1. Can you give the local net charge around A51? Use residues other than it whose beta-carbon is closer than 13 angstrom to its beta-carbon, Lys and Arg +1, Asp and Glu -1.
2. Given bins 10 angstrom wide, list per bin the percent of all Cα-Cα distances in region 84-189, short to long.
3. Got the relative contact order for region 137-202 handy, in percent, Cα pairs under 8 Å and 6 or more residues apart?
4. Please report the relative contact order for the chain, taking Cα pairs under 8 Å with a sequence separation of at least 6, and give it as a percent rounded to a whole number.
5. What ranking of Y25, Y5 emerges when the number of other C-beta atoms within 10 Å of each C-beta is taken as an exposure proxy, fewest first?
6. Toward the positive end of the charge dipole of region 55-193, about the Cα centre and with charges on Cβ (Lys, Arg +1; Asp, Glu -1), which of I154, G77, T123 goes farthest?
7. Arranged by the count of other C-beta atoms within 10 angstrom, fewest first, what order do I16, I21 take?
8. Please name whichever of F105, A9, Q141 sits farthest to the positive end of the charge dipole of the chain, dipole taken about the Cα centre and charges placed at Cβ: Lys and Arg +1, Asp and Glu -1.
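We did not get these values from a lab; they are worked out from the coordinates using the rules stated. Computed from a predicted structure; not experimentally measured. Please note: Cβ atoms are built from the backbone with ideal geometry, for glycine as well, and neighbour counts cover all protein chains shown.
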Amino acid sequence: MKLYYSPGACSLADHIALEWIGKPYQVERVSKDHSKSPEYLKINPAGAVPALQDGDWVLTQNAAILNFLADSFPESGLGGDGSPKGRAEVNKWLAFANSDVHPTFHPMFGSTAYLGDETAEKTKEAARVKLRGLFQRADEQLVGKVWLTGSRSIADPYLYVVSRWAKATGVDLSGLTHLDRFFKNMEADAGVQKALKDEGLT
């Protein structure tokens, strides 16, 4: 398998999952310019990361890739406890990170710049307020837990990635002690450290 990634992007979640699985894989860094090249657009027509290549087959969309990895390596336990409810709980929190938290960061990354400086800044501040509420939900979920669903899963690296973004963009995470504990545990994890090192983020 080969993962196409950009440093610190949401593809970092897949990178961490691959490390946790412990099977051989390759990574290829995709720069902003290369992501729009004809060569890469054949891999992912959206010109985005992540993309996962498995032989002649390519899979895009982060949630799909993470679920594929969990299904392909069930012995890793990253898809839940094997029960339908356990799997649904993992997908609930994966969807939380992928569909609720991730898109809320768009103003921080320049998607509202066309509105002009003053209005764009207002959209960023509104995003920070909304993100604070979302991270409070994650903090409440982590009470008494090391991992989001009670055991390590594909939802955890995604929450870690968006938490990194929150710290980098001035989202108020003060007082979210359970989230802070989760973040520190992730930072101390050997697989996370390896993925960060490979992406030049340490």
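1. Computed value for this residue: -1.
2. Going from the shortest bin to the longest, the percentages are 15, 46, 27, 10, 2.
3. 32 percent.
4. Once normalised by length, the contact order is 25 percent.
5. Final ranking by Cβ density, sparse to dense: Y25, Y5.
6. Going by the charge dipole, the pick is T123.
7. In increasing order of surrounding Cβ atoms, one gets I21, I16.
8. Q141
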